[in-house]
Amino acid sequence: MGELECAKPVAQAVLPGCRPDTTCMIVAAAVAGLRGLTMRHIRVGALFWPEGFRDDPYLSMRGGWGCEGYDARAGRLYLADAAVDPDDGGFSGHTWLEPATGTVVDLMHEVDGSPRHAYVAGRRYIPRPPLERAVKGYWGPLMRAALKEARRTEKRG
């Protein structure tokens, strides 16, 4: 069983009823725990990858998670607000790991060790520190629980 498959039950254990495909912050925390990483390795921002979301026309049109739109001819990308909904914790963005500065691990999108600043396979990870602080402020307790549970799972397994 791969890390992502191991991380999904951890996410569901700390947040019952969650859909792992839409709770990237909890899944990333679980993967971080499986890899022995910490909260500081979890990054939040935008994932610009319009070609990768062809099955979701609205997301593709915006450019990806955390994007509001882009103009390919002008080379402009418009990012979503860096805010978390205070009622349900929803946010427009994506979460990934950086085990080393600038190195991306995003198992939800099959990336394991690509450089963040390179435009790899038509995608780019854009850190958004204000959004990261807001997400970790709201979801931090559950993210830490996922880290801890994943470490426990790893020791048992």
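The values are calculated or read from the model by the stated rules, or taken from the named source; none is laboratory data. None of these values were measured; they are calculated from a predicted model. For neighbour counting, all protein chains shown are included, and Cβ atoms are generated from backbone atoms with ideal geometry for every residue, glycine included. Each accessible area value is taken on the protein alone, full model and side chains, heavy atoms only, with ligands, DNA and RNA left out. Shrake-Rupley method; radii C 1.70, N 1.55, O 1.52, S 1.80 Å.
Mind listing whichever residues of the stretch 71-86 are assigned to a strand (DSSP E or B) and either open to solvent by 80 Å² or more (accessible area, probe 1.4 Å) or touching a residue at least 24 places away in the same chain (Cβ under 8 Å) (or both)? If you could, list the steps in order and put the result at the bottom.
Looking only at the stretch 71-86, we keep the residues that are assigned to a strand (DSSP E or B), and these are 71, 76-79, 84.
Once the filter is applied, which keeps residues that are assigned to a strand (DSSP E or B) and either open to solvent by 80 Å² or more (accessible area, probe 1.4 Å) or touching a residue at least 24 places away in the same chain (Cβ under 8 Å) (or both), the stretch 71-86 yields Arg76, Leu77, Tyr78, Leu79, Val84.
Specify the residue that is farthest from Arg133 (Cα to Cα); the eligible residues are those in the stretch 4-45 that are of a type in the set (A, V, I, L, M) and touching a strand residue (DSSP E or B) at 6+ places or on another chain (Cβ under 7 Å).
Within the stretch 4-45, the first condition is being of a type in the set (A, V, I, L, M), and the residues that meet it are 4, 7, 10-11, 13-15, 25-32, 34, 37, 39, 42, 44.
So of that shortlist, the ones also touching a strand residue (DSSP E or B) at 6+ places or on another chain (Cβ under 7 Å) come out as 25, 28-29, 31-32, 37, 42, 44.
On the way: Met25: 12, Ala28: 15, Ala29: 15, Val31: 20, Ala32: 18, Leu37: 18, Ile42: 11, Val44: 8 Å.
Step by step, filter the stretch 4-45, then rank; the result is Val31.
What are the residues in the stretch 87-103 that are surrounded by fewer than 14 Cβ atoms within 10 Å (Cβ to Cβ) and either in contact (Cβ under 8 Å) with a residue 60 or more places away in the chain or on the phi > 0 side of the Ramachandran plot (or both), if any? The answer is Gly102, and nothing else.
Per the listing Arg43, Arg62, Arg19, the residue uniquely of a type in the set (Lys, Arg), closer than 19 Å to Gly140 by Cα and surrounded by 12 or more Cβ atoms within 10 Å (Cβ to Cβ) is Arg43.
Out of the residues in the stretch 33-56 that are touching a residue at least 24 places away in the same chain (Cβ under 8 Å) and part of a loop (DSSP other than H, G, I, E, B), state the one that is nearest to Leu4 (Cα to Cα).
Arg35
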